[in-house]
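In what follows, a single structure is set out as structure tokens and then discussed.
What follows draws every value from the coordinates through simple rules; no lab data is involved. What you see is a predicted model, and the numbers here were worked out from it, not measured in a lab. Don't worry about glycine lacking a Cβ; one is built from the backbone with ideal geometry, like all the others, and counts go over all protein chains shown.
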2 protein chains.
Amino acid sequence: MTLCTCIKAESVKVAEDPTVTRPGSHELVPIDTRPLVAETPLSALRSWLTPTPLFYVRNHFDVPEIDADTWSLTIDGAVSNPVEISFSELVRLPKKTVPAMMECAGNNRSDLDPKVPGNPFRDGAVSNAVWAGAPLKPFLQQAGFSSGAVEVLFEGTDRGEPEPGRGEAPYQRSLPLQIALHPDTMLVYEMSGETLTPDHGFPVRLIVPRWYGMASVKWLKSIRVIERPFVGFFQTERYVMTDESGTEGQLSLMVVKSFVSWPEHGTSLPVGQPVAVSGMAWSGAGPIRRVDVSIDGGATWQDAHMDESAIGYSWQEWHIDWTPEEPGHCTIVARAADDTGNLQPLENYWNPLGYCINGVKPVCVTVV
Amino acid sequence: MTLCTCIKAESVKVAEDPTVTRPGSHELVPIDTRPLVAETPLSALRSWLTPTPLFYVRNHFDVPEIDADTWSLTIDGAVSNPVEISFSELVRLPKKTVPAMMECAGNNRSDLDPKVPGNPFRDGAVSNAVWAGAPLKPFLQQAGFSSGAVEVLFEGTDRGEPEPGRGEAPYQRSLPLQIALHPDTMLVYEMSGETLTPDHGFPVRLIVPRWYGMASVKWLKSIRVIERPFVGFFQTERYVMTDESGTEGQLSLMVVKSFVSWPEHGTSLPVGQPVAVSGMAWSGAGPIRRVDVSIDGGATWQDAHMDESAIGYSWQEWHIDWTPEEPGHCTIVARAADDTGNLQPLENYWNPLGYCINGVKPVCVTVV
């Protein structure tokens, strides 16, 4: 196995300080503007908390303008007592705080070869925040869902043509009933201590911890309990993939993944100077059990130190201490394993829509 | 015992939504400008994370302008190998993330009667953030402190006259050696995912979790290991108090405390509409064991629900569900107890400099 990605001589640069903000290095990296799609910059991927202005954005349609005073959320469908919730009612409930990271299902899509269509995300369609709001479960219980209920359908206020010629429709996503009833599936109105911003779903969005971001519907408008699995563009045409066994399925939990956030790819490091090789790891299936790190392209591996930051559903910071001993080319790779036995693969699994890209990603440095 | 604080008829207002930002309600509340002293607004005291622009500020002198590229921190005194740390070296070490709340020792000073001198803080000289940096301990070990070392003295770059006529001096504070060596006593350069701001100690400050804020020296310039307890204005003339047994001592750990953040004092609440009576609790001595809440001024009490937010050294969110049953005047009080047996007192302990004010604070509401 070789995990080396050659560094072209002209791209070698001296590693700068990890936290010094350089012009352009600490702003969202735009991918598209209508609708807004933008990545978190690498500099912010080194911090446990992603500041809200740097939290990645993957909108599907233009941001709707909503007045919280007139906003309300209906829960209907296969229920005995339809419920309508005003913003005022929601924020007067006990506020629950849940740290949770979120990854776009298309993160690292641009690493695929051959290339695939879709937003060409590099490494930054992943972020971590502290959300606050109220669990959804009591509302579903209050509505009294039928014994035949199988899914809960969430509709955002955002709407548009998912593809040219398809006609205008709202953003809609369903969750299996038992996921909608999870105590940490939340109606959220606050992000990292501030009112939710328009880009992130003001006034109220869903947060589904451990799932890819497409499940956390923004600008929530209505919730419908349904007795047949939902079929819709963003449910059964997008955010689906065929796994290696040939079975096609909807995306759900984030697959196990890690990345190296420091040092940066393409930098040079002086012999004898210690480096904290650092990064993040996560898995929707359960806590991270270990991260193995190699500085020789996968020939030998060592256990990374797990930092104490795996709080709630946030990501796990890890690091190893490394002192480069001789000049040359080094390929750093990290590989995470979760508590349920899932191991990050060495290679990306190519799929035509470019989802769930979690192969180990080499970071090449030159020791000088 | 009566804990009732009468509401003057003209001040009764209808309770608004807890999270709706009203003009002026979501900005720092200024106390002084030279140096900057400002409180966190009540609206932000309802969130686990205090956004950095709303984190309380208690500076002692003007904010120094520091260039991170030329900044360095020296460790000398009773050591065998003096150490000099550049910003670049510090940020290349493994980054450690520590959630920690901080309270100014003078918080709630304005509640004392008779009045005392000093910044007239109300309830907002307390905040919570996620700090990141490197532990101090390895640097002290590297310096090789002497067997006679008893304290570590921290000096900030900020300086001025602590009192008119006293002459100019830097801000200096010492810590007992064993506190300086605690693994979570940190040299911090990042606050809630962003580079530390000038008001909060850029480029590097100390964070001493569990201690009142005066220990977390900003704009760190030098660290000196000393063999005799330090004597200085901010160590032995301020931030000292005589306890109820008559013993005078320096302030250190935050005393056990809680407050009611919702509903607000002086509001009216409709009969029959449920209210999440909510607040925060903390203690420097250990985790919060329980918070007792009374809505009848202390006649009867109930156990509050402890939310899952007591992460690291952050504060503990709590709430009780309450549905006002009949019109009238209600006095809400909360009382915290920590794991080491400390119980928040019913009354404030008056002391001439106004420190460690932790008596239960009634919140009066009118049910209509």
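Distance from the Cα centre of the stretch B:226-279 to that of the stretch A:92-118, in angstrom?
Result: 41 Å between the Cα centres.
Of chain B, which part is the longest with no trypsin sites (Lys or Arg not before Pro) in a loop (DSSP not H, G, I, E, B) and with at most 15 other C-beta atoms within 10 angstrom? Numbers along the way, then the final one.
Working: sites that count: B:K8, B:K115, B:R122, B:R166.
The reported range is B:167-368.
Return the whole-Å distance between the Cα centroid of the stretch A:46-65 and the Cα centroid of the stretch B:295-312.
Answer, in whole Å: 34.
If neighbour count is taken as other Cβ atoms inside 10 Å, put B:F233, A:F145 in order from fewest to most.
Least crowded to most crowded, the residues run B:F233, A:F145.
Any idea what the relative contact order of chain B is, in percent, if you count C-alpha pairs under 8 Å spaced at least 6 apart?
19
Starting from 0.36 nm per residue, how many nanometres of slack lie between B:E237 and B:T70 once their C-alpha separation is accounted for?
Here the segment from B:E237 to B:T70 would lengthen by 56.8 nm.
If I model a spin label as a point 7 Å beyond the Cα along the Cα-Cβ vector, how far apart are those points for A:K137 and B:A285 in nm?
With each label placed 7 Å out from Cα toward Cβ, I get 3.5 nm.
For peptide B:86-94, how many partner chain Cβ atoms fall within 10 Å of a residue's Cβ, on average?
Taking all residues of B:86-94 together, the mean is 6.
Given +1 on the Cβ of Lys and Arg, -1 on the Cβ of Asp and Glu, and no further charges, what dipole in debye does the stretch A:52-250 carry about its Cα centre, rounded to the nearest 20?
360
Cut-off 12 Å, label point 7 angstrom out along Cα-to-Cβ of A:D296: give me the residues of the stretch A:331-368 whose amide nitrogen falls inside.
A:331
In chain B, once you exclude exposed GluC sites (Glu not before Pro) (DSSP loop, at most 11 other Cβ within 10 angstrom), what's the longest stretch remaining?
B:66-167
Find the relative contact order for the stretch A:229-323 and round it to a whole percent, using C-alpha pairs within less than 8 Å whose residues are 6+ positions apart. Walk me through the intermediate numbers first.
Values: 137 pairs, mean separation 22.4, N = 95.
Contact order relative to length: 24 percent.
Taking every pair of Cα atoms in chain A, average 1/r, invert it to obtain the Kirkwood radius, and report Rg/Rh to two decimals.
0.99
Quick one: P(r) of the protein assembly as shown from all Cα-Cα pairs, 20 Å bins, percents rounded to integers, in order of increasing distance.
That works out to 16, 46, 32, 6, 0, in percent per bin.
Helix-derived [θ] at 222 nm for chain A: sum -39500 (n - 2.57) over DSSP H runs of at least 4, divide by residue count, nearest 500?
The per-residue figure over chain A is -1000 deg cm²/dmol.
Name the residues whose placed amide hydrogens come within less than 5 Å of the amide hydrogen of B:H329, ignoring near sequence neighbours (fewer than 5 apart) on the same chain.
B:V367
Which distances in nm, rounded to one decimal and ordered from shortest, link the label point of B:S86 to the equivalent label points in the other identical copies, with labels set 7 Å from Cα toward Cβ?
Sorted ascending, the copy-to-copy spacings read 6.1 nm.
Can you work out the PRE-style zone for B:E227? Point 7 Å along Cα to Cβ, and I want the residues of the stretch B:168-188 with backbone N under 19 Å.
So the set is B:175-178.
Going Cα to Cα from A:K257, which aspartates and glutamates come in below 17 Å? Please leave out same-chain ones fewer than 8 positions away.
Within the straight-line limit of under 17 Å, A:K257 reaches these aspartates and glutamates: A:E103, A:D111, A:D123, A:D243, A:D292, A:D303, A:D307, A:E317, A:D338, A:D339, A:E347.
May I ask you to evaluate 6.51 cos²θ - 1.76 cosθ + 1.60, the Karplus curve with θ = phi - 60°, for each residue of the stretch A:217-222 and list the ³J(HN,Hα) values in order in whole Hz, giving x for glycine and proline?
Values, residue by residue: 4, 8, 6, 3, 10, 8 Hz.
Over the whole of B:190-197, what's the average partner chain Cβ count within 10 Å per residue? Rounded to a whole number, please.
Mean shielding count: 6.
Report, for B:D62, each distance to the same residue's label point in the other copies, shortest first and in nm; define the point 7 Å along Cα→Cβ.
4.9
Say the cut-off is 30 Å between C-alpha atoms; which of B:K96/B:K218; A:K115/B:K96; A:K96/A:K221; A:K115/A:K221 go over it?
Violating the 30 Å limit, Cα to Cα: A:K115/B:K96; A:K115/A:K221.
For A:L36 and A:T197, calculate 0.36 nm times their separation in residues minus their Cα-Cα distance, and state this gained length in nm to one decimal. Could you put the intermediate results ahead of the total?
Working: separation 161, 0.36 × 161 = 57.96 nm, distance 1.34 nm.
Full extension from A:L36 to A:T197 adds 56.6 nm.
To the nearest 20 Debye, how big is the dipole of the protein assembly as shown about its Cα centre, given +1 on the beta carbon of each Lys and Arg and -1 on that of each Asp and Glu?
Details: 56 positive and 90 negative charges, 38 e Å.
Here the protein assembly as shown has a charge dipole of around 180 debye.
For B:E190, which sequence-distant residues (separation of 5 or more, or a different chain) have an amide H within less than 5 Å of its own amide H, given hydrogens modelled in the peptide plane?
B:A132, B:L196
Calculate the dipole size of chain A relative to its Cα centre from +1 charges on Lys and Arg beta carbons and -1 charges on Asp and Glu beta carbons; express the result in debye to the nearest 20.
460
So how far apart, in nm, are the two label points at B:T323 and B:W350 if each is 7 Å from Cα heading toward Cβ?
Output for this residue pair reads 4.4 nm.
Under 8 Å for C-alpha pairs, at least 6 residues apart: give me the relative contact order for the stretch A:52-250, rounded to a whole percent.
Contact order relative to length: 26 percent.
Among B:L54, B:V83, B:Q250, which residue has its Cα furthest toward the positive end of the charge dipole of the stretch B:52-250, with +1 on Lys/Arg Cβ and -1 on Asp/Glu Cβ?
The Cα lying farthest towards the positive end belongs to B:V83.
Once amide H atoms are placed 1.01 Å from N in the peptide plane, what residues at a sequence separation of 5 or more from A:T185, or on another chain, have their amide H within under 5 Å of its amide H?
A:L136
Can you work out D for the stretch B:52-250 in µm² s⁻¹ from Stokes-Einstein, where Rh is the Kirkwood radius over C-alpha pairs, the temperature is 20 °C and the viscosity is 1.002 mPa s?
This corresponds to a translational diffusion coefficient of 122 µm²/s.
Separation between the B:S80 and A:Q273 pseudo-spin-labels, each 7 Å from Cα along Cα→Cβ, expressed in nm?
2.8
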